[in-house]
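**Q** Can you read through this structure? Questions will come right after.
The values are calculated or read from the model by the stated rules, or taken from the named source; none is laboratory data. If you're wondering where the values come from, they're calculated on a predicted model, not measured in any experiment. Cβ placement follows ideal geometry from the backbone for every residue including glycine, while neighbour counts extend to all protein chains displayed.
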Amino acid sequence: MALRVDDASNNEAAIITCLVSMLAVVYFAWNVNKSRKANAKLPPGPRGLPVVGYLPFLGTTDLHKKFTELSGVYGPIFKLWLGNKLCVVVSSPSLVKQVVRDQDTTFADRDPPISGLVTSFGGNDITWSNYGPEWRKLRKFFVGKMMSNASLDACYALRKHEVKNTIRDLYNNGNKIGKPIDIGELSIATLVCAMQNMLWGEALELKEKGTTNLGVELKFKFAELMVLLGTPNISDIFPMLSWLDIQGIERRAKKISLWFEKIINSTVEKYRSKDFNVEGKERAGENFEGSRNKNFLQLLLELQENEDGSSSISMNQFKAVLVDIITAGTDTTTTMVEWTMAELMQHPQIMKKVQEELAQVVGMDSCVEEFHLPKLKYLDAVVKESSRLHPAVPLLLPRRASESGSIGGYNIPKDTTIMLNVWEIHRDPKLWDNPLQFRPERFLDDGIASKFDYSGNNFQYLPFGSGRRMCAGIPLAERMLMFVLASLLHSFEWELPAGTKLNLSEKFGIVIKKKEPLVAIPTPRLSNSELYH
């Protein structure tokens, strides 16, 4: 027994000695690195503790709000030490322009967290990979082939079919009409099916045993992933400790990655076994306009199987891009549908104006079509105002300096992480009149509307980012967001359940969602029941 106690004591002493030695090495490296960088003219910022750096960063759950507080103290550019890592936060349009336009290539690399690396199969996607030949190849293919107007126009019938399915199911299901509906679950189920249609031509049955609905399951997977991506991770700050996975973030990210991989493998297997060919086929009971065009999965598979190394992609890139499309194409759009509907529920007079515009443009004897969307100026202003107050990704995605540069007269050493606080810019009273007020009319004022779009050219308004690393899926996101909202608002009246008070508080994550799901009751708005079939 005494021998076992001695062995246990020896093991414990060895572990403690090992940890102390590691901390000593980290502390030495931190001091050397910090003293080296201290000679440069760095931005101001809060003092951090030795080794750890700025400790409050590790415990905060609202980084965008915490950074806004700090910018009130240190100005529109400040620094944070996170362990041995230097981070710089920028929150003014002129300084953002220096990052995303004037020195875009210098600051075009990514600083992916471990959770991002795991779920992108080693940083092999468009979102998290560094700027370079492989990233340019993926983005060029994605934007040129998948997001082109011709490609999106060709698969409109497939998107339309799933939105119509949602409207029909709401109307025909007696358990839904007049009963509370979770708007988030409704929109993500619609978008998941629409995304499947665009990816491989039809919504495949991908339910796992014991589950009820892929859309609901994806909602929870996405919610967990967004929290993991936005959570400050000790392993990211201290890579030497990554093997401990103290917070369990890497383990949870791997479970999500395996789940996605299983879905992708199952999909590809089913796709190939059915020998899909869009030539001459009908999709969703309608002629697939432009059926000679290949669906997204066909394009990706051909690229993956191409023997020409300069234009082919690896299997990890294939899987990572699919995860990009599924997550970015559904989660952020669902988030904005929910925020926009919540603001409309909070402002019924604005909802009334939206529905009056729909009655005028679409007509009460017709259903919404995509060709109506450019004429819905007020709804467009509502969506833009919602994106201003609730940007889906309030800090965008972190950039990393591939070489030394400067921002606002301050030196930015190589490998510095740069965060852009779009949330603060969108609420800055120096830039916006009554910034906390939900007022879509601000995007309709003469001379103003033309200045604000999603292109990232106006650094006062950047819901999708700007420069080389701005969101690649804007054309699809804009279409789907407007189409889903217009269809829901034209087909139904929406009201809160009796006695319910709307809560607009936020839920932490790299994508900012509503803390409490939006639940509303639909009632048919159109008199012709045939329009719901």
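**Q** Conditions first: (1) under 18 Å from the mean Cα position of the chain (by Cα); (2) touching a residue at least 60 places away in the same chain (Cβ under 8 Å); (3) in a loop (DSSP other than H, G, I, E, B). Phe438 passes all but one, so which condition is the exception?
**A** All conditions are met except number (1).
**Q** Next up: Quickly run through segment 126-141 and pick out the residues that are in contact (Cβ under 8 Å) with a residue 40 or more places away in the chain, out of contact with any helix residue (DSSP H, G or I) (no Cβ under 6 Å at 6 or more places or on another chain) and part of a loop (DSSP other than H, G, I, E, B).
**A** Matches in segment 126-141: Asn130, Tyr131.
**Q** What's the total number of residues in segment 473-506 that are hydroxyl-bearing (Ser, Thr, Tyr) and surrounded by fewer than 21 Cβ atoms within 10 Å (Cβ to Cβ)?
**A** 2
**Q** Touching a helix residue (DSSP H, G or I) at 6+ places or on another chain (Cβ under 7 Å) and either of a type outside the set (A, V, I, L, M, F, W, C) or surrounded by fewer than 18 Cβ atoms within 10 Å (Cβ to Cβ) (or both): does that describe Leu395?
**A** For Leu395, the condition - touching a helix residue (DSSP H, G or I) at 6+ places or on another chain (Cβ under 7 Å) and either of a type outside the set (A, V, I, L, M, F, W, C) or surrounded by fewer than 18 Cβ atoms within 10 Å (Cβ to Cβ) (or both) - is not met.
**Q** Scan segment 397-408 residue by residue and report those that are under 17 Å from Phe459 (Cα atoms), at pLDDT 95 or above and outside any strand (DSSP E or B).
**A** Gly408
**Q** Something else now. Which one is surrounded by the fewest Cβ atoms within 10 Å (Cβ to Cβ) among residues in segment 507-526 that are at pLDDT below 90 and in a strand (DSSP E or B)?
**A** Lys507
Yes/no per residue for (1) out of contact with any Asp or Glu (no Cβ under 6 Å at 6 or more places or on another chain); (2) among the aromatic types (Phe, Trp, Tyr):
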{"site": "Pro413", "(1), (2)": "yes, no"}
{"site": "Arg427", "(1), (2)": "yes, no"}
{"site": "Phe438", "(1), (2)": "no, yes"}
{"site": "Phe459", "(1), (2)": "yes, yes"}
{"site": "Leu462", "(1), (2)": "yes, no"}
{"site": "Arg469", "(1), (2)": "yes, no"}
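**Q** Still on this structure: For Lys352, indicate whether it is in a loop (DSSP other than H, G, I, E, B) and surrounded by fewer than 16 Cβ atoms within 10 Å (Cβ to Cβ).
**A** In short, no.
**Q** Of the conditions (1) under 28 Å from Asn411 (Cα atoms); (2) over 18 Å from the mean Cα position of the chain (by Cα), Val163 fails just one. Which one is it?
**A** Val163 satisfies every listed condition except (1).
**Q** Say we look at segment 172-183 and pick out the residues that are modelled with pLDDT of 90 or more and not in a loop (DSSP other than H, G, I, E, B); which of these is surrounded by the fewest Cβ atoms within 10 Å (Cβ to Cβ)?
**A** Asp182
**Q** Follow-up. Identify, by number, the condition in (1) touching a Phe, Trp or Tyr at 6+ places or on another chain (Cβ under 9 Å); (2) more than 21 Å from Pro440 (Cα to Cα); (3) not hydrophobic (A, V, I, L, M, F, W, C); (4) not in a helix (DSSP H, G or I) that Ser366 doesn't meet.
**A** (1)
**Q** Six or more apart or on different chains, Cβ atoms under 6 Å: show the pairs whose first residue is in segment 505-533 and farther than 14 Å from His64 by Cα and whose second is among the small types (Gly, Ala, Ser) and surrounded by fewer than 17 Cβ atoms within 10 Å (Cβ to Cβ).
**A** Taking only residues 6 or more apart or on different chains, the pairs are Lys515/Ser505.
**Q** Just to check your reading of the model, which residue among Asn421, Asn434 is loosely packed, with under 15 Cβ neighbours inside 10 Å and either modelled with pLDDT under 95 or within 28 Å of Lys384 (Cβ to Cβ) (or both)?
**A** Of the residues listed, the single one that is loosely packed, with under 15 Cβ neighbours inside 10 Å and either modelled with pLDDT under 95 or within 28 Å of Lys384 (Cβ to Cβ) (or both) is Asn434.
**Q** With respect to Gly144, is the statement that it is farther than 30 Å from Leu531 by Cα and outside any helix (DSSP H, G or I) true?
**A** In short, no.
**Q** Also, I was wondering about something else. Which of the residues spanning segment 360-404 are among the aliphatic types (A, V, I, L, M) and without any contact (Cβ under 8 Å) to a residue 12 or more places away in the chain?
**A** Residues satisfying the conditions do not exist here.
**Q** Here is a check on your reading of the model: is Phe483 modelled with pLDDT of 90 or more and either under 24 Å from Thr231 (Cα atoms) or more than 14 Å from the chain's Cα centre (by Cα) (or both)?
**A** Taking the combined requirement at face value, the residue satisfies it.
**Q** Do any residues in segment 146-168 that are acidic (Asp, Glu) have Cβ atoms under 6 Å from those of residues that are modelled with pLDDT of 85 or more, where the two are at least six apart or on different chains, and which pairs are they?
**A** Close Cβ pairs satisfying both conditions: Glu162/Thr190; Glu162/Ala194.
**Q** On to the next question. Give me the residue from segment 88-125 that is assigned to a loop (DSSP other than H, G, I, E, B) and touching a Phe, Trp or Tyr at 6+ places or on another chain (Cβ under 6 Å) and, out of that set, surrounded by the fewest Cβ atoms within 10 Å (Cβ to Cβ).
**A** Once the filter is applied, the top-ranked residue is Ala108.
**Q** Among (1) basic (Lys, Arg); (2) more than 22 Å from Leu397 (Cα to Cα); (3) at pLDDT 80 or above, which single condition is Lys209 missing?
**A** Result: Lys209 fails condition (3) only.
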